[in-house]
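Student: I have a structure here, written as structure tokens, and I will follow up with some questions on it.
Read-outs: derived from the displayed coordinates by stated rules, not from any lab. Note that the structure is a prediction, hence the values are computed from the model and not measured. Because the Cβ atoms are built from the backbone with ideal geometry, glycine has one as well, and the counts that use them run over all protein chains shown.
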Amino acid sequence: MNKRNIIRLILISVLMACTGHNAFERSLSVADSLMHEQPDSAYRLLCAMEQDAARMPEALQMRRLLLLSNAQNKAYKSFASDSIGTLLTEYYDRNGKANERMLAYYIKGCTYRDLGDQPAALNCFNQAIDAADTSLADCDFRQLCIVHAQIAGIFRKRGLPDEALLAYEKAEQFALMSKDTLSLLNIAANKSNVMLNKGLIDEALAIKEKIAALYLEKGYPQKAAQTRVQLIKWYARKGDFSKARAAMDNYEAHSGHFTADGHVKAGKEDYYHIKGTFYLEKGDTDSAAHYFRLLRQKGKTLNNQYLASWGLTRLYRKLQDNDSLAKYALGTFLLSDSLFNQQAAQNMQNAQAMYNYARHQETAHRKEQEARTARLHLRYGMATGTLCAIVLLMLILSLRKRAKQKEREANMLKVELRGTICALQNAKEELEKLALEKLETEKPQPEPAIEQKSLSIKEMQETISRLEAKFNAQYKGMELDNAPIIKRLKRSRTNPFMYPIEKTDWEELRTAIEERYPAFYMHMHNGKRINDTEYQVCLLVKAGFTPSDIDILLGRNEYAATTRKRLLKKIFDKEGSGKDFDKMVQELT
């Protein structure tokens, strides 16, 4: 194939890939638009996209998984594992926007809710709230409303009505901001149920009537009927049987909780207790007994059995049938005991879950603190190491610079000395020539030129002597700096494990200095009575160590400062400072 055909194939492949991506993205958008109103349809559409998802980029795959999990939750399909929720939170923590992170943590919270771990669910819901950014114009306030409603539901189940009401108020706030009227009405209906549990009967009933009217106004007759079901028994207890009957008829006609033949659907059997209570309050004991027994027959839960037994107990107390009253009262007591044990077990599970979660959080927090401390120590260690490396490098460069400077000075002295020696040699030759000319001419007095030249030769000899002394002193100093014992002592002052200095080291230092500086040796032993430690101070001063270095090497505190001043008087018979002593010792060659 030629190059032109290859390029055409590449372009076609790219266009096909882009088209595939665009179609996939459009399908995701359609599913997202169906999410709130038709979650079942959205769920089926997203499931059908599974094969195509494998060919898509990671971002599109994760978006499909996020929407699929949200649709699954909205369609009341329980989660069996937290793996997908964990995968979503980890991905969107790295790559997602605020709304995506919020939804990911919400889904993970719903996962733990379905698994029965309420503390973990509550933590994830709070993380979802933290992930939201309410300052952004595109903040998903509707989803934020849903998160707060879930939190309120957990508090309600755990018997914390005050906390539940606060969470519902937050949910109402975000429902208003998202202009979601249906969510606002649903939240208000749930709030009224919490108020009933708190004993705020009149307030709760007034709210329910208002909510039911708004549901009808907005076109939700089924929700209006479901909201009014709680009004039946309360109106009956107040003696307002016309309102109670209207609410009951409305519920049976529009709630959607009844089969075609008029029977209550499975899971809604507690309505028999409400209807039996209506007839009991009205005085129709036969109808009341019928519905209480129907509840006892069809109700499968422990709570349904308790309500049935309690209804029959109230009925026979009203009928003054003591035998039946005793029978059902005992049954109610036993069922209440079973309910108490069931609730206690649930509370124990919740407490254990909370304990496990708290312990997990404490362990995670401790591990995080340990990791943070380790990171800080590592950073401090690296910073300290870097600083030490920089200081060491600067010290090495400084020593090298000083050594090169000394070498340059020695070379300059060498050049100056050679020049002076050459000039002296020339002057001597000229002087010999002048002396020879004088003998040949037999002049009685020396010529001024000869005297001048002799004086010049004397000055040059003095210069040579001075330069030789200076050169020798500097050369000896450089040679001494490179002596092995000096290098070991310089390492010793920074390494405490090399203390104390051995006797052989002091002997080696003494030999290295006395061989190079005979004048130092003669002056130190010319009738001067100094002890071994004082002589060690003199040796270290001659070797160029500072007072602090001397204290370290001798293992003493502030010893060199006072000793040097005392040795100045003892050795040189002069008054002065420690620096004066150092200068005079350095001048001894």
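Student: Simple spin-label model, 7 Å along Cα-to-Cβ: L387 to L334 in nm?
Tutor: Result for the modelled spin labels: 7.9 nm.
Student: Which of the residue pairs K198/K218; K198/K238; K238/K298; K233/K265 have a Cα-Cα distance greater than 27 Å in the structure shown?
Tutor: With Cα atoms farther than 27 Å apart: K198/K218; K238/K298.
Student: Per-residue HN-Hα couplings for the stretch 198-206, Karplus 6.51 cos²θ - 1.76 cosθ + 1.60 at θ = phi - 60°, whole Hz, x for Gly and Pro?
Tutor: 7, x, 8, 5, 4, 5, 5, 5, 4
Student: Report the Stokes-Einstein translational diffusion coefficient (µm² s⁻¹, integer) for the stretch 187-334, Rh taken as the Kirkwood radius over Cα pairs, at 4 °C with viscosity 1.567 mPa s.
Tutor: Working: Rh = 16.0 Å.
After rounding, the answer is 81 µm²/s.
Student: So, one more: Once the other residues with Cβ under 10 Å from the Cβ of A543 are scored (Lys, Arg +1; Asp, Glu -1), what is the net sum? It would help to have the intermediate numbers written out before the result.
Tutor: Numbers: positive: K490, K542; negative: D481, D549.
Net charge in that neighbourhood comes out at 0.
Student: All other residues with a Cβ under 12 Å from the Cβ of K503 taken together, and with Lys, Arg as +1 and Asp, Glu as -1, what is their net charge?
Tutor: Summing Lys/Arg as +1 and Asp/Glu as -1 gives -4.
Student: Skipping prolines and chain starts, which residues have an amide H placed within reach, meaning under 5 Å, of the one on Q230, given they are 5 or more residues away or on another chain?
Tutor: none
Student: In addition: For the stretch 128-141, in order, what is each residue's ³J(HN,Hα) by Karplus, 6.51 cos²θ - 1.76 cosθ + 1.60 with θ = phi - 60°, in whole Hz (x at glycine and Pro)?
Tutor: My calculation for the stretch 128-141 gives 4, 5, 5, 6, 5, 10, 6, 7, 7, 5, 9, 4, 7, 5 Hz in order.
Student: Let me ask something else about it. Based on the mean of other Cβ atoms within 10 Å per residue, sort peptides 22-28, 146-152 so the most packed one is first.
Tutor: Ranking the peptides 22-28, 146-152 by packing returns 146-152, 22-28.
Student: Quick check: net charge around F278, other residues with Cβ under 10 Å of its Cβ, Lys/Arg +1 and Asp/Glu -1? Display every interim value, and only then the final one.
Tutor: Working: positive: K233, R237, R245, K275, K282; negative: E281, D284.
Within the 10 Å Cβ shell, the charges total +3.
Student: What is the stretch 492-587 by shape, rounded, prolate or oblate, if you read a ≥ b ≥ c off the alpha carbon gyration tensor as root eigenvalues and call it rounded for a/c under 1.5, prolate for a/b larger than b/c, and oblate otherwise?
Tutor: oblate
Student: Rounded if a/c is under 1.5, else prolate if a/b beats b/c, else oblate: with a ≥ b ≥ c from the C-alpha gyration tensor eigenvalues square-rooted, which is the stretch 43-139?
Tutor: On the way: a/c = 1.85, a/b = 1.15, b/c = 1.61.
It is oblate, given that a/c is not under 1.5 and a/b is not larger than b/c.
Student: If R₀ is 45 angstrom, what is the calculated FRET efficiency for the pair E163 and E25, using the beta carbon separation as r and rounding to 0.05?
Tutor: Efficiency, from the Cβ-Cβ distance: 0.65.
Student: When C139, C145 are ordered from fewest to most other Cβ atoms inside 10 Å of their Cβ, what list results? The partial results should precede the final answer.
Tutor: Details: C139 18, C145 24.
Listing C139, C145 from fewest to most nearby Cβ atoms yields C139, C145.
Student: Out of residues 5 or more away from T589 or on other chains, whose amide H comes under 5 Å of its own, with H placed 1.01 Å from N in the peptide plane?
Tutor: Correct list: A519, F520.
Student: What dipole magnitude, in Debye to the nearest 20, does the stretch 147-252 give about its Cα centre under +1 on Lys/Arg Cβ and -1 on Asp/Glu Cβ? Could the numbers behind the result be given before it?
Tutor: Working: 17 positive and 12 negative charges, 46 e Å.
In debye, rounded to 20, the stretch 147-252 gives about 220.
Student: What residues have an amide H closer than 5 Å to that of F258, excluding those fewer than 5 places away on the same chain, when H is modeled at 1.01 Å from N in the peptide plane?
Tutor: Sorted by chain and number, the residues that satisfy this are K265.
Student: Explain nothing, just compute: Karplus ³J(HN,Hα) = 6.51 cos²θ - 1.76 cosθ + 1.60, θ = phi - 60°, for every residue of the stretch 503-515 in order, whole Hz, x for Gly and Pro.
Tutor: Rounded to whole hertz, the list is 4, 5, 5, 5, 5, 5, 5, 4, 5, 4, 7, 5, 5.
Student: What nm value, rounded to one decimal, do you get for the distance between S577 and Q297 when each label is placed 7 Å out toward the C-beta?
Tutor: The answer from the label model is 11.6 nm.
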